[in-house]
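Reading through the structure tokens given below for one structure.
Derivation of every value follows stated rules applied to the coordinates shown; laboratory data play no part. The structure displayed is predicted, hence computed values, not measured ones. Backbone-built Cβ (ideal geometry, glycine too); neighbour counts: all protein chains shown.
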Amino acid sequence: MTLKQISTSQVELGMFIHGFQGSWLSHPFWRARFLVTDEEKLQALRDSALDAIVIDTERGIDVVTRGEAPPPRGPAAPPETRARIQRREPAAAARPAPLAAPFPAQRPGSVAIVREFGNARHAAGQARKVISRIFLEARLGKAPRVTEVAPVVEDIHASIERNPHAFSGLMRCKTEIEAIYQHMLSVSALMVSLARQMKLSPQEVRLAGMAGLLLDIGVSRLELDAAKLARRLDAIEPELWHRHCYVGREMLAAADGMPDEVLHAVARHHELMNGSGFPQKLAGREIDIYSRMAAICDQFDLIVCGAMTGRTVDPAEALRMMMRMEGAFDDAILAGFREALGVYPVGSFVMLRSGRIAMVVDQDPSDPALPTVRAFYSAATGKHVAAKTIVLAHCYGEDAIAGVADMAGLDLPAPEDLRERLFAAAAK
């Protein structure tokens, strides 16, 4: 790979675009890497507000200096690349390299989670309007366009940039968003968080967010009540349920400019590494990186919301359940997912060594096992106690997490209501 940074005015047909320098909103392209094969793409690149463009001279032509003969395409561009330029065929979609090891901890957000919680609520409310319209239009056969979905992904991405955990924490609370829309937003946020943890490029992070948002768009065309999806998925006829992967991909493929990475994830987000998934029973290397990510994020949210078991599951317990599904997921990506969320994700209810029950309200990026919690209930007396926020990473042994709290039989509100109350109280 030989990379070179050039200005937008230097772009020519036959160049292979490796990346962009500048704001994501300053250009119309979702795929970051592609061969420039037609005048329309060429003009869009030249007209963009990008600061610079990075080209790969081994996969396409180099810069042509005025008055000189065209330089060779890298050491010698492969015959198929030269032929593709002549035929004006698109290059195959570039994919992130396979991952083989856990990822380093991500940088902390710059906004406190209680402050960002309000921003996330506003973003989710705006997203609900867009997603509900897209979903209803999809039922009528209209494929969603990238330009319609991009603002939702951008709002989610911006919230997670400010604080990595607020938006996902909100999705664990009671909201007025319909179950299917809440699932779409939740998976999109999880995909963005995971992609950031994996140190993917900003463009790839947004692609992951878009894939997560559209994974279940095919559900809009199934002959079932979308509200039932919040209950037991195993009550749906398997043949019918499997169809949403095919239908979703076909719908999006008909949309203008939908990235291949998104199409793959929509079709394959239920495929598992050991070949036990659906609809094609792909395994291992047959499954692309985005689809491996999607399988983890989608499964996690389905477990937490109760669609897999018929009962809501604490986020920390959902993580443990997935870790025990040996061979189902990409081990390195699952480890990164756990790092992104924390051993005890925001919104988890934990039992403290002191006998108090607390909710995780923030994470310490330097130690995923020692989050910030808000204690509020005594398991010994069965009564509420004065609420107290404890930063476990810096409490010098004052308290510690003993495990996931068993909330069954306690005189407490439903978990989603309780989370919302605790977040609201912490924000005051």
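So the values come out like this:
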| quantity | calculated |
| --- | --- |
| Projected label distance in nm at residue 51 and residue 39, using a 7 Å step from Cα toward the beta-carbon | 3.3 nm |
| Solvent-free Debye scattering, log10 I(q)/I(0), computed from the Cα coordinates of the stretch 113-341 at q = 0.10, 0.15, 0.16 Å⁻¹ | -0.39, -0.95, -1.11 |
| Highest average packing first - 312-324, 195-207, 336-348, Cβ atoms within 10 Å | 336-348, 195-207, 312-324 |
| Under Karplus coefficients 6.51, -1.76 and 1.60, residue-wise ³J(HN,Hα) of the stretch 255-262 in Hz, glycine/proline x | 7, 6, x, 5, x, 4, 4, 5 |
| Amide H contacts under 5 Å for residue 18, placed H, 5+ residues apart | 54, 55, 56 |
| Highest-first arrangement of 397-408, 358-369, where packing means the average Cβ count within 10 Å | 358-369, 397-408 |
| Packing rank of 130-140, 243-253, 379-389, where each peptide gets the mean count of other beta carbons within 10 Å, highest leading | 243-253, 130-140, 379-389 |
